[in-house]
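The values are calculated or read from the model by the stated rules, or taken from the named source; none is laboratory data. From a predicted model like this one, the values you see are computed outputs, not experimental measurements. Here the Cβ positions follow ideal geometry from the backbone for every residue, glycine too, while neighbour counts run over all protein chains shown.
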There are 2 protein chains.
Amino acid sequence: MRPTSPIGLHRVVDPPGVLPQAARTLDPDPAIGSDEVRIRVEALNLDAASYRQLEQAHGGDGAAVRAAVLAIVAERGKMQNPVTGSGGMLVGVVEEVGPASTLGLTPGDRVASLVSLSLTPLRIEDGLARWDGRSERVPCDGTAILFGRSIAAVLPDDLPADLAMSVFDVCGAPALVARVVADRIDRGLASVVAVIGGAGKSGSLALAAARANGATRTIGVVPVEAEAALLKGADLADAVALADARDPVALAEAVGAAGGPADVTVVCVDVPGCEHGAILATAEGGVVVFFSMATSFTAAALGAEGLAADVTMLVGNGYVPGHAAYALEVLRGSPGARALFEARLARETTQP
Amino acid sequence: MRPTSPIGLHRVVDPPGVLPQAARTLDPDPAIGSDEVRIRVEALNLDAASYRQLEQAHGGDGAAVRAAVLAIVAERGKMQNPVTGSGGMLVGVVEEVGPASTLGLTPGDRVASLVSLSLTPLRIEDGLARWDGRSERVPCDGTAILFGRSIAAVLPDDLPADLAMSVFDVCGAPALVARVVADRIDRGLASVVAVIGGAGKSGSLALAAARANGATRTIGVVPVEAEAALLKGADLADAVALADARDPVALAEAVGAAGGPADVTVVCVDVPGCEHGAILATAEGGVVVFFSMATSFTAAALGAEGLAADVTMLVGNGYVPGHAAYALEVLRGSPGARALFEARLARETTQP
């Protein structure tokens, strides 16, 4: 077997010496090294920002989007959107486990990868024939490789696979929010939590996790009435506020009117331009957690400075130990969040 | 006095409802509102990117650059480069303080603004007659307005103005590093601190602040031998390591060899591509603080996830209350850092 690096350096083709996530191209050869694992892929879940970019770039033409994804994977050996830099995740069945692998997997395990597609060697074998190019969920057949250092979650027995995957896609959010809120509560700090994009996947779990960890008040912010209705129906937040997150003044006012400013503001929307609003909506000494892949680092850094805002700003790390299991726990404990996820899956399935 | 918004919304002319930094035009009327402060401007310091753009656009013709800046300010009511979007800062003397101002300023105070010119209402009164248009430093006479929420640092009596301003330019870094390190020490957590770009302005103050707050060990990482010599001469770090910060594997190895991994890694270099290295160089449970404006949000977020790295990542906020005064304190307490700053100023003055 070929010598391997636990972080997959041996799979990097171009340019040499960079990490797989930064590489232009990876080697998706299905033959595994001693600490690697090969997955027989069943489906990809494209990151929301990536899918939106592809959809907009191709005017919603499903066939064109499908062709674009095939071309990216063929050229790069991985599914990393060249514009957004983001990837997504995959689900499949463990096919072969290298003798030195420490991931605790067994051939036959049905797993979701929890490291991004943006660094996962991938080979597609069916031309994505079963995908219409019109949603983030991509049924496919192919192989993917997990490195020595990786994260894969075995799919649970008590939940449908697509629901579990849908949760895994965003499991960093509830875990990090739980950590931030619990830490503040431990230290006796105020904890009004506002989630921008509260009706979405990561947003709804973030709200549930905030509440589960003792948030003083939870506020879900949504851009349109339909999402406000969904969120109210799910009973996930103490207050629901309507605002365009790209309008900083409107967002801050809406959060204020709903019981803010927030001590913890969680940004879970994927549109650019939400940094100033999130900062403005946050109380002095508060925390802003950015999960959106559309977040601009400079807008956040300069925005806080320009507003003389004493806030701690976190780059939302998609990984917290135990995050996958924790997110499933949050879902199981929150009928409202579960309903939102299930409704979303139903819409995706029935969309023309 | 006119009703005001603490973030200056009342000064926004076009388009209405946006923040001053995002506005096309501001109202620079010198008559102040109750929480505002008027500064009699002595000099502007154009942001480097802004000046470079103007210089290139006008082929180095100083008179043309001067005319361009006058036109921008006359049209926009602020000095925000329409191409780069950046501003800079100013130095002046406090002329009038509104009765509701909480900035703690007194007429006669000589101050540097620490919020960008890109959001500061400005009126120039001398046609920039004393500026040759050939450097970023713009002697001028005019008025500028600080909002209720703003940041201005009083220039110290005991340090040359250009040295103080040079420190103010990067004062967010030592303040936030101090806060992070002190918090970890308080909680009994390990605190090996690595500063990537340790010989630069923000890096040197970050090293000094880390040491002053009880860091277990400080490691300064630099890319070239000349900077290593500077840093060793300044006696700012317990260890100096040589590595290209854009090479994650090399960076992590260099930090390891110098006494790492780091519990707190501070990124103070302005070149893109340092995210993965910073993460890889950081121990589990550690903190990465990104100050570089070249930081990519997605590279940081996806990088940590892809490496299964349990690290807290902070967007380096340029503002921490008291940061300007604190940075001057750090400089005064660190002959090594001061020597680096003075040498740098001397080089800038003698450059053709």
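Structure notes:
- Test result for A:A199, more than 14 Å from chain B (Cβ to nearest Cβ) and under 24 Å from A:A283 (Cα atoms): yes
- Unique match (being within 14 Å of another protein chain (Cβ to nearest Cβ) and over 30 Å from A:A23 (Cβ atoms)) among B:V170, B:V181, B:V249: B:V170
- Those residues of region B:143-163 which are buried (at least 21 other Cβ atoms within 10 Å of the Cβ) and of a type in the set (G, A, S), in sequence order: B:A144, B:S150, B:A152, B:A153
- Checked against the criterion of being hydroxyl-bearing (S, T, Y), within 23 Å of B:S296 (Cα to Cα) and in contact with a Lys or Arg (Cβ under 7 Å, 6 or more places away or on another chain), the candidates A:T25, A:T84 yield just one match: A:T25.
- Some residue of region B:127-146 being free of Cβ contacts under 8 Å to residues at least 40 places away in the same chain and over 24 Å from B:I219 (Cβ atoms): yes
- Residues in region B:288-325 that are surrounded by fewer than 20 Cβ atoms within 10 Å (Cβ to Cβ) and more than 7 Å from chain A (Cβ to nearest Cβ) were compared, and the one that is modelled with the highest pLDDT is B:A325.
- Residues of region A:10-20 include at least one that is over 20 Å from B:E305 (Cα atoms) and in a strand (DSSP E or B).
- Sole exception among (1) in contact (Cβ under 8 Å) with a residue 60 or more places away in the chain; (2) at the interface with chain B (Cβ under 10 Å from one of its Cβ atoms); (3) part of a loop (DSSP other than H, G, I, E, B) for A:G285, by number: (3)
- Subset tally (residues that are surrounded by 24 or more Cβ atoms within 10 Å (Cβ to Cβ) and farther than 19 Å from A:G8 by Cβ) for region B:241-253: 2
- Residues of region B:21-32 that turn out to be in a loop (DSSP other than H, G, I, E, B) and under 16 Å from B:L117 (Cβ atoms), as a count: 6
- Subset of region B:1-22 that is of a type in the set (G, A, S) and in contact (Cβ under 8 Å) with a residue 24 or more places away in the chain - its residue that is nearest to B:L155 (Cα to Cα): B:G8
- Conditions (1) more than 11 Å from every other protein chain (Cβ to nearest Cβ); (2) closer than 20 Å to B:L205 by Cα; number of the one not met by B:G256: (2)
Residue-by-condition table, conditions (1) among the aliphatic types (A, V, I, L, M); (2) surrounded by fewer than 17 Cβ atoms within 10 Å (Cβ to Cβ); (3) without any contact (Cβ under 8 Å) to a residue 40 or more places away in the chain; (4) under 22 Å from A:A300 (Cα atoms):
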{"site": "B:V37", "(1), (2), (3), (4)": "yes, no, no, no"}
{"site": "B:A43", "(1), (2), (3), (4)": "yes, no, no, no"}
{"site": "B:D47", "(1), (2), (3), (4)": "no, no, no, yes"}
{"site": "B:Y51", "(1), (2), (3), (4)": "no, no, no, no"}
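- Test: residue in region A:99-110 that is within 12 Å of another protein chain (Cβ to nearest Cβ) and part of a loop (DSSP other than H, G, I, E, B): yes
- Of the residues A:I39, A:I7, the single one that is over 25 Å from A:L163 (Cβ atoms) and of a type in the set (A, V, I, L, M) is A:I7.
Residue-by-condition table, conditions (1) farther than 18 Å from B:V315 by Cα; (2) in contact with a Leu (Cβ under 6 Å, 6 or more places away or on another chain); (3) surrounded by 24 or more Cβ atoms within 10 Å (Cβ to Cβ):
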site: B:M165; (1), (2), (3): yes, no, no
site: B:D169; (1), (2), (3): no, no, no
site: B:A190; (1), (2), (3): yes, no, no
site: B:A199; (1), (2), (3): yes, yes, yes
site: B:G214; (1), (2), (3): yes, no, no
site: B:R217; (1), (2), (3): yes, no, no
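- The helices (runs of 4 or more DSSP H) found wholly in region A:147-212 and carrying at least 1 residues that are under 19 Å from A:R332 (Cα atoms) and modelled with pLDDT of 95 or more occupy A:172-186, A:201-212.
- Here is the figure for region A:146-163: residues that are more than 13 Å from every other protein chain (Cβ to nearest Cβ) and farther than 10 Å from A:V111 by Cα total 6.
- Residue count for region A:291-314 under the criterion of being free of Cβ contacts under 8 Å to residues at least 24 places away in the same chain and assigned to a loop (DSSP other than H, G, I, E, B): the result is 1.
- Test: residue in region A:116-128 that is part of a loop (DSSP other than H, G, I, E, B), within 11 Å of chain B (Cβ to nearest Cβ) and buried (at least 21 other Cβ atoms within 10 Å of the Cβ): yes
- Test: residue in region A:67-75 that is within 14 Å of another protein chain (Cβ to nearest Cβ) and at pLDDT 95 or above: no
- Selection status of A:A175, touching a strand residue (DSSP E or B) at 6+ places or on another chain (Cβ under 6 Å) and either surrounded by 23 or more Cβ atoms within 10 Å (Cβ to Cβ) or among the aromatic types (F, W, Y) (or both): no
- Residue check for B:D109: within 24 Å of the chain's Cα centre (by Cα), modelled with pLDDT under 95, of a type in the set (D, E) and under 28 Å from B:A164 (Cβ atoms): no
- There is at least one residue in region A:24-34 that is without any contact (Cβ under 8 Å) to a residue 60 or more places away in the chain and within 14 Å of another protein chain (Cβ to nearest Cβ).
- Residues of region A:33-78 satisfying the condition of being farther than 26 Å from A:A100 by Cα and not in a helix (DSSP H, G or I): A:A43, A:L44, A:N45, A:L46, A:D47, A:H58, A:G59, A:G60, A:D61
- When A:T106, A:T102, A:T84 are checked against the criterion of being surrounded by fewer than 24 Cβ atoms within 10 Å (Cβ to Cβ), hydroxyl-bearing (S, T, Y) and under 21 Å from A:E348 (Cβ atoms), a single residue qualifies: A:T84.
- So A:D263, is it of a type in the set (D, E) and either buried (at least 24 other Cβ atoms within 10 Å of the Cβ) or more than 21 Å from A:F341 (Cα to Cα) (or both): yes
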